[in-house]
Amino acid sequence: MQPTPFLTAWDPRQTLKGSRDPLGSMGLWTHQGRRIIGNLTTVSTQVRDFTATMLGYHLAERVRDLAGPGQDVAVFLKWEQLAAYVRAHVLDEGGFRGVERTRSRLAAKGPRVTLSARSEHQILGDQKVYGLMGTYTMPGRSSGLLEGEPLRLTPAARELVEAEYLPRLAPVAGKRLDGLARRLAAGEVKVDLDGRDAPLAEAIGKVLTRKRIPAAERRFYQRHLLYNQDHDTTGGLQGVLAAHMLARGHTDWEPAGLRQAATVVAKQGPTGVALAEELERAAVLESVLAPVGVLFG
């Protein structure tokens, strides 16, 4: 039986200086959350960000094969910038990392943009840390999408990319995206989203749009992200929770909602009972951390 969280006097040894999480709440949440959901994080919440991440690592791998090692980070960052400009300008979508800086540059300079790894062209203060590479690589590994060193797509992820994305992008980005890969390997890349690069931008937009996720992609993402069937570390708890979410449309993660879900899944055998206990613990943890965050955060 896991102990119930409780408050103690402040331990100065645990003081976090200069942190976005000065109370250390995220560490507690992560510890509890990993017992229920083993592969995702609080910031890896967008399916299409996983799509962009897989394509970024595919392009980095193609550049390694075509031009040798050493450009993985730069190529990935430039691809992420291109994807961001497409999502903002072509799709008129938000909710992706770096959206504010992306929209600000489009408003100031129009659809002719520059891609590079230099700080003045990055879409976040530290794009490597706070962008897709920093926030989706670990969940990608945990979900069976990325592996190895240097990082590359797993066979399952490669199969999806080659079956679903490359055929749609190849006419404007080259076979295996080699044309785009060579272009991103250059130090600085000029892109005209409404001019000569409009066909490329439109094709990328069709791949990254959130409005429609084809059935084959949906099955893939449910297996690897929602259920994490091939790399489950929760003893089956994540699968029971995922099935409950799909069946009931559960989206309430407040303490009352967690307890309601616990009541339902507890009727689904030993694994359901174990999940109910973890959901109850999460509800208790939230009832402690939420008021503490309001008072001292």
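The values are calculated or read from the model by the stated rules, or taken from the named source; none is laboratory data. Quantities reported herein were computed from a predicted structural model and do not represent experimental measurements. Glycine also receives a Cβ, built like all others from the backbone with ideal geometry; neighbour counts cover every protein chain displayed.
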If you check Asp252 against the conditions, is it among the acidic types (Asp, Glu) and either over 30 Å from Trp79 (Cα atoms) or touching a Ser or Thr at 6+ places or on another chain (Cβ under 7 Å) (or both)?
yes
Limited to region 272-291, what total is found for residues that are of a type in the set (A, V, I, L, M, F, W, C) and modelled with pLDDT under 95?
7
Scanning region 195-248 for residues that are of a type in the set (Ser, Thr, Tyr) and closer than 15 Å to Phe50 by Cβ, the one nearest to the chain's Cα centre (by Cα) turns out to be Tyr221
Tally, over region 149-207, of residues that are under 18 Å from Leu91 (Cβ atoms), in contact with a strand residue (DSSP E or B) (Cβ under 9 Å, 6 or more places away or on another chain), hydrophobic (A, V, I, L, M, F, W, C) and surrounded by 16 or more Cβ atoms within 10 Å (Cβ to Cβ)
4
With of a type in the set (S, T, N, Q) and either loosely packed, with under 13 Cβ neighbours inside 10 Å or outside any helix (DSSP H, G or I) (or both) as the only criterion, which of Gln238, Gln260, Gln229 stands out?
Gln229
Name the residue that is nearest to Glu61 (Cα to Cα), counting only residues in region 139-175 that are among the small types (Gly, Ala, Ser) and touching a residue at least 40 places away in the same chain (Cβ under 8 Å).
Ala157
Does at least one position in region 41-55 carry a residue that is at pLDDT 80 or above and aromatic (Phe, Trp, Tyr)?
yes
Give the residue, chosen from Ala88, Ala60, that is closer than 18 Å to Tyr130 by Cβ and out of contact with any Pro (no Cβ under 7 Å at 6 or more places or on another chain).
Ala88
Pair list, Cβ under 8 Å, 6 or more apart: region 87-113 residue assigned by TED's automatic domain parsing to the domain that holds Asp126 and aromatic (Phe, Trp, Tyr), other residue modelled with pLDDT of 95 or more and part of a loop (DSSP other than H, G, I, E, B)
Phe96/Gln46
For region 63-132, list the helices (runs of 4 or more DSSP H) that sit wholly inside it and hold at least 2 residues that are of a type in the set (S, T, N, Q) and under 26 Å from Lys206 (Cβ atoms); which are they?
99-109
The one condition Gly269 fails out of (1) at pLDDT 95 or above; (2) crowded, with 16+ Cβ neighbours inside 10 Å is (2)
Can you tell me which of (1) in a loop (DSSP other than H, G, I, E, B); (2) modelled with pLDDT under 95; (3) not hydroxyl-bearing (Ser, Thr, Tyr) is the one Arg196 doesn't meet?
(2)
